[in-house]
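Just below is one structure, and these are the notes that go with it.
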Amino acid sequence: MSDPGARPSATVYLYELAWILPSIAIPIGMLAALTVTAFGAGIHLPTLEGRVTPSQVAKTAPFDVPGIRQTGPGRYEVVLTSQIWAFAPNEIRVPAGSIVTFVGTSKDVVHGLLIPHARVNAMLLPGQITRVTTRFEHPGEYPMLCHEYCGIAHHTMWGKVIVEPAS
Ligand code: CUA
């Protein structure tokens with residue numbers, strides 16, 4: 001019979017340590033990774049860039065002229081509007097290696113902008129301007145999807161980014 005007053009064996013302490021140390025080290029590691037990516041690499045969530053009245057989007061610059069424009073060597077800005085159930089523009093062409101900034105908003109309800117394999121995952125909210133920047137490294141077609149349920153034809157709301165081989 002074991003003695004209830006006996007000291008726990010050293011093995012028990014080792015097992016406890018084996019759990020406790022990683023449970024402390026993992027959050028510290030995650031916090032460090034977060035700090036390095038946010039302040040060192042400058043990686044942030046898509047941010048609120050400004051406000052715009054949803055009913056006036058079509059008359060408010062820059063959203064009165066949606067489309068793509070070059071802002072520098074290898075740099076482009078896409079002014080993107082969303083409404084049920086379409087993006088404008090819904091097809092974008094850039095050369096491989098381009099850095100593209102999307103400046104978007106919604107004319108009506110909440111939409112999303114998801115470009116798989118291009119690290120774009122943002123919300124397009126009525127009243128708000130969203131800005132998100134990414135680099136299109138490899139040639140190909142990248143779907144541009146609405147990933148916030150926005151009504152009966154939500155699944156038809158998509159466009160594409162065509163990345164052409166750099167000349
Ligand atoms: Cu727009 Cu779903």
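Residues that are polar (S, T, N, Q) and in a helix (DSSP H, G or I) within the stretch 53-63 comprise S55, Q56, listed in sequence order. Criterion applied to V65, V103, V52 was being closer than 27 Å to E141 by Cα and within 21 Å of the chain's Cα centre (by Cα), and the one residue passing it is V103. Do you know which of the residues in the stretch 1-20 that are modelled with pLDDT of 75 or more and open to solvent by 100 Å² or more (accessible area, probe 1.4 Å) is nearest to L45 (Cα to Cα)? Checking each candidate, the answer is W19.
Residues in the stretch 152-163 that are within 14 Å of H111 (Cβ to Cβ) and either in contact with a Lys or Arg (Cβ under 9 Å, 6 or more places away or on another chain) or part of a strand (DSSP E or B) (or both): W158, G159. Scanning the stretch 24-52 for residues that are in a loop (DSSP other than H, G, I, E, B) and either surrounded by fewer than 11 Cβ atoms within 10 Å (Cβ to Cβ) or free of Cβ contacts under 8 Å to residues at least 12 places away in the same chain (or both) yields A41, G42, I43, H44, L45. Selection over the stretch 91-105 of residues that are within 16 Å of A58 (Cα to Cα) and of a type in the set (S, T, N, Q) gives a count of 1.
Scanning the stretch 64-84 for residues that are outside any strand (DSSP E or B) and within 16 Å of the ligand (Cβ to nearest atom), we see that the one that is most open to solvent (accessible area, probe 1.4 Å) is I84. Every test in (1) within 24 Å of H44 (Cα to Cα); (2) away from the ligand (no atom under 16 Å from the Cβ); (3) open to solvent by 60 Å² or more (accessible area, probe 1.4 Å) is passed by M123 save one, and that test is (2).
Check the stretch 89-96 and report whether any residue there is under 12 Å from the mean Cα position of the chain (by Cα), within 30 Å of P165 (Cβ to Cβ) and more than 16 Å from the ligand (Cβ to nearest atom). Within the stretch 89-96 (the criterion being under 12 Å from the mean Cα position of the chain (by Cα), within 30 Å of P165 (Cβ to Cβ) and more than 16 Å from the ligand (Cβ to nearest atom)), the answer is no, since none of the residues qualifies.
So that you can scan it fast, the table gives a plain yes or no per residue for (1) at pLDDT 95 or above; (2) open to solvent by 60 Å² or more (accessible area, probe 1.4 Å); (3) basic (K, R); (4) within 11 Å of the ligand (Cβ to nearest atom):
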site: R119; (1), (2), (3), (4): no, yes, yes, no
site: R135; (1), (2), (3), (4): no, yes, yes, no
site: Y142; (1), (2), (3), (4): yes, no, no, no
site: L145; (1), (2), (3), (4): yes, no, no, yes
site: Y149; (1), (2), (3), (4): yes, yes, no, yes
site: H154; (1), (2), (3), (4): yes, no, no, yes
site: M157; (1), (2), (3), (4): yes, no, no, yes
site: V161; (1), (2), (3), (4): yes, no, no, no
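Quick one: is L114 surrounded by fewer than 20 Cβ atoms within 10 Å (Cβ to Cβ), of a type in the set (A, V, I, L, M), within 19 Å of the chain's Cα centre (by Cα) and within 11 Å of the ligand (Cβ to nearest atom)? Here the answer is yes, as L114 does meet what is asked. Remark: pairs (first residue in the stretch 132-150, without any contact (Cβ under 8 Å) to a residue 40 or more places away in the chain and within 19 Å of A166 (Cβ to Cβ); second residue within 16 Å of the ligand (Cβ to nearest atom) and of a type in the set (K, R); Cβ separation under 7 Å; 6+ apart in sequence or on different chains) = E141/K160; Y142/K160.
The values are calculated or read from the model by the stated rules, or taken from the named source; none is laboratory data. Keep in mind that this is a model prediction, so the values were computed, not measured. Virtual Cβ from ideal backbone geometry, glycine too; neighbours counted across all protein chains shown. Accessible surface areas use protein heavy atoms only, side chains included; no ligands, DNA or RNA. Shrake-Rupley method; radii C 1.70, N 1.55, O 1.52, S 1.80 Å.
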